[in-house]
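Written out below as C-alpha cells is the structure these notes cover.
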Amino acid sequence: MTESWLRLAPGFFALGALAAWELAVRGFGVPVYILPGPIAIVAAFLTDPGGLGGSLLATLTVTLTALVTSAVLGAALAMAMAASRLARAAILPWAVVLQVTPIVAIAPLVIIWVGDPFASLVVCATIVAFFPVFANTATGLAAGAPEYFDLFRLYGASHRDTLLLLRVPVALPYFLAGLRISGGLALVGAVVAEFVTGSGGFASGLAYRILESGYRLEVARMFAALVLLSLAGIVINLALGAFGAAVLRARDGP
Amino acid sequence: MLDIVSVERRFARGVVALEDVTLRLEEGNFLALLGPSGCGKSTLLRLIAGLDRPDGGRLTWDRGRAPAAGEIGFVFQDATLLPWASAADNVFLPLRLRHVSRAEAMPAVHDALARVGLAGFESARPRELSGGMRMRVSIARALVTRPLLLLMDEPFAALDEFTRHGLQADLVALWREIGCTIVFVTHSIYEAAFVAQRVVLMTPRPGRIFREIVSTLTPGPDLRLDPGYATLVTSISKTMAAVLAPA
Ligand SMILES: Nc1ncnc2c1ncn2[C@@H]1O[C@H](COP(=O)(O)OP(=O)(O)O)[C@@H](O)[C@H]1O
Ligand SMILES: [Mg+2]
C-alpha cells in the first residue's frame, strides 16, 4: 500500500503542479505569449506534430552520432594512454583544453572549417560530450588494485592480455557511467550547436524551432519544443542506464 | 632452492624496508615469515617473486636462473579473483596468460579446484562464494601451474577463526601431498606455529631476520591439541618479546 503510493507520488505531484499551473494561468489571465498553460502547449504540439517531431529526430540524430563518436574516440584514446606513457603525455593536455573551451566560442570556427552543416553539428556536440566518457575510461583502465597487476606480471602477461583481460573489464563500469553523462551532454552540445548554426542556414533541429517560435512570439510552441527536449534528455539518460546495466550483466554472467 | 644474501630494499623518504636480510629457502620446506606489520614481509616476498628488485645484496637460485613464469605461485591477502569470471576461469587465468588453450587447461583447472575442496563449484562466481571459498579458489589458481615455490602473503588474515583453522589444516595437507616449497607470511604466532616447519622472526622496521625457530612437531590437523604445539607457541612468544624489547 505505502509502497505503491510512493511509486505514484511523482505522477500525482506532476499532475497537481500542471493543474495548478493551468488554473493560475487562467485565473490571472496571463496572456499565452508570456506564459501558456499546459493545455495550450499540448495544443501547440498537436497542431504541428510532424514539424516538431521531425526537428526532434534531427536533433536526436546529431546527438546519437556525437555520442557514438565520443564513445569510440574516448575509449580509443583512453586505451592509447593506458598503453603508452608517451601517448598519455601527448593526449591528456589536449583533452583538457578541449574540455575547458566553451563550445559557443569555437562553434563558429568549427562551422567554417568543417563546412557541412550536419558534420559541424556533430563535431560541436562531440566536443561537448567527449570528456566524461574519455576521462572515466582512462580512470577505469588504471583502476585495478596493484595486486592484480602483480598477478598478471607474475605470469608474464603481455600488455595486450593485461589490457583485454584486466584493464578493459575493470574499466567497463567507469566507461558506462561516463557514457551516461556524455549522453546528456551530447544533447546539450547538439542544441547549443544548433543555436549557433541556426542563423547560418542549417535549420531543422529543435533549437531552431525554439528560435523560430521566439521570433514569432509562438511561446506555446516554444514550450512544446522545450518539453520535447527534456523528454529526449530523460529518455537518453534512462536508456543509457538500462544499456549499462545490461552490459554489466553480460560481463558478470548469470 | 634460493639463497637470499644481505638483501636491502629502500623506498622514498628514507624508508628502509629491508636491511641485510640473509635467508636460505630449502627445497620442499614450509617456512613462515613472522613479524609485525610494516617490517618488510611483503617486500621480501615480492623480491623473491621477482616483482621487485633489491637495492643491495642478491638472490641466488640453486638452479642458476630465476624461476620462469608459472614456477612461482603467489597468494595475496585478498583473494584477487576477477569478479566477472567463474571459479574455473579464475583458475584458468595463469594458464591462459601462457597461451594454453581452454580445452587443454581444463583437466588441470578441475584438478586444482578439487584439491582445494571446491569440486562442483567450477561455474560459481566469486560473489557467490564465501571469503574462505574465495581464498581456496585463489590457492587453486596459484597451484594450477604446479609451481616449485608457493608464496603466500597473509592469506588467511582477513578470515574468521573457524574458516582460518580449516584452511590452515587443508593447506598443510596440500603441502604434504604436493611437496612444493612454501613461504608463508603471517603476523600470527599461532598460525606460524601451526603451519610451518621453520618460523623466521623478523624485527620491526628496518626489517632484519631476528631468529629462526625450527619446529620438530609432526604437521597435521590435530596439531593444536599436541602439548608440543603450546610449547612452540610459548617459545616463539618469548623470542618475539626479545625482538620487541629495547636493546
Ligand atoms: N612501493 C612502496 N613504496 C614506498 N614504501 C613502501 C612500498 N612498499 C612498502 N613500503 C614500505 O616498506 C615498509 C615495509 O612494507 P611491507 O613489506 O608491506 O611490510 P609488511 O608486509 O611486513 O607489513 C613499510 O614501511 C611500507 O610503508
Ligand atoms: Mg604485508
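The values are calculated or read from the model by the stated rules, or taken from the named source; none is laboratory data. A quick note: this is a predicted structure, and the numbers were derived from the prediction, not measured. Note that each Cβ is placed from the backbone with ideal geometry, even for glycine, and that neighbours are counted across all protein chains shown.
The table below gives the values:
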{"item": "Counted residues, segment B:154-187 - those being free of Cβ contacts under 8 Å to residues at least 40 places away in the same chain and within 16 Å of ligand 1 (Cβ to nearest atom)", "result": "1"}
{"item": "Close pairs from segment B:16-39: first on the phi > 0 side of the Ramachandran plot, partner away from ligand 1 (no atom under 13 Å from the Cβ) and outside any strand (DSSP E or B), Cβ under 6 Å, at least 6 apart", "result": "B:Gly28/B:Gly179"}
{"item": "Residue that is modelled with pLDDT of 90 or more and within 15 Å of A:Ala224 (Cβ to Cβ), where the choices are A:Gly27, A:Gly37, A:Gly11", "result": "A:Gly37"}
{"item": "Unique match (being within 14 Å of chain B (Cβ to nearest Cβ), crowded, with 16+ Cβ neighbours inside 10 Å and closer than 19 Å to B:Ala85 by Cα) among A:Ala143, A:Ala171", "result": "A:Ala171"}
{"item": "Options A:Ala76, A:Ala58, A:Ala80; residue that is under 27 Å from the mean Cα position of the chain (by Cα) and crowded, with 17+ Cβ neighbours inside 10 Å", "result": "A:Ala58"}
{"item": "Any hit, segment B:109-126, residues being within 22 Å of A:Leu164 (Cβ to Cβ), surrounded by fewer than 22 Cβ atoms within 10 Å (Cβ to Cβ), touching a Pro at 6+ places or on another chain (Cβ under 8 Å) and of a type outside the set (Phe, Trp, Tyr)", "result": "yes"}
{"item": "Which numbered condition A:Arg180 fails, given (1) within 14 Å of chain B (Cβ to nearest Cβ); (2) in contact with a helix residue (DSSP H, G or I) (Cβ under 7 Å, 6 or more places away or on another chain); (3) of a type outside the set (A, V, I, L, M, F, W, C)", "result": "(1)"}
{"item": "Tally, over segment B:43-95, of residues that are assigned to a strand (DSSP E or B) and on the phi < 0 side of the Ramachandran plot", "result": "9"}
{"item": "Lone qualifier among A:Leu163, A:Leu151, A:Leu172 - being part of a helix (DSSP H, G or I) and without any contact (Cβ under 8 Å) to a residue 12 or more places away in the chain", "result": "A:Leu151"}
{"item": "Every residue from segment B:221-247 that is surrounded by 15 or more Cβ atoms within 10 Å (Cβ to Cβ) and basic (Lys, Arg)", "result": "B:Arg224"}
{"item": "Scan of segment B:38-57 for residues that are in contact with a Ser or Thr (Cβ under 8 Å, 6 or more places away or on another chain) and either within 12 Å of another protein chain (Cβ to nearest Cβ) or of a type in the set (Phe, Trp, Tyr) (or both), ordered by number", "result": "B:Asp52"}
{"item": "B:Pro67 vs. criteria out of contact with any Gly (no Cβ under 7 Å at 6 or more places or on another chain) and within 14 Å of another protein chain (Cβ to nearest Cβ)", "result": "yes"}
{"item": "Single unsatisfied condition, B:His99 versus (1) within 16 Å of ligand 2 (Cβ to nearest atom); (2) closer than 22 Å to A:Leu166 by Cβ; (3) modelled with pLDDT under 95", "result": "(1)"}
{"item": "Any hit, segment B:78-99, residues being within 16 Å of ligand 1 (Cβ to nearest atom) and under 30 Å from B:Leu217 (Cα atoms)", "result": "yes"}
{"item": "Segment B:4-17, residues that are near ligand 1 (Cβ under 8 Å from one of its atoms) and buried (at least 20 other Cβ atoms within 10 Å of the Cβ)", "result": "B:Arg9, B:Ala17"}
{"item": "Criterion (within 14 Å of another protein chain (Cβ to nearest Cβ) and part of a helix (DSSP H, G or I)) met by exactly one of A:Ala225, A:Ala232, A:Ala242, A:Ala250", "result": "A:Ala250"}
{"item": "Residue that is within 16 Å of ligand 2 (Cβ to nearest atom), within 14 Å of chain A (Cβ to nearest Cβ) and in contact with a strand residue (DSSP E or B) (Cβ under 9 Å, 6 or more places away or on another chain), where the choices are B:Pro206, B:Pro147, B:Pro155", "result": "B:Pro155"}
{"item": "Test: B:Thr60 is among the polar types (S, T, N, Q), without any contact (Cβ under 8 Å) to a residue 60 or more places away in the chain and more than 10 Å from chain A (Cβ to nearest Cβ)", "result": "yes"}
{"item": "Residue, farthest from ligand 1 (Cβ to nearest atom), within segment B:26-51, restricted to residues that are surrounded by 21 or more Cβ atoms within 10 Å (Cβ to Cβ) and closer than 17 Å to B:Gly64 by Cα", "result": "B:Ile48"}
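Residue by residue, here is whether (1) closer than 21 Å to B:Ile189 by Cα; (2) more than 16 Å from ligand 2 (Cβ to nearest atom) holds:
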residue	(1), (2)
B:Arg10	no, yes
B:Leu25	yes, yes
B:Ala32	yes, no
B:Thr43	yes, no
B:Ile48	no, no
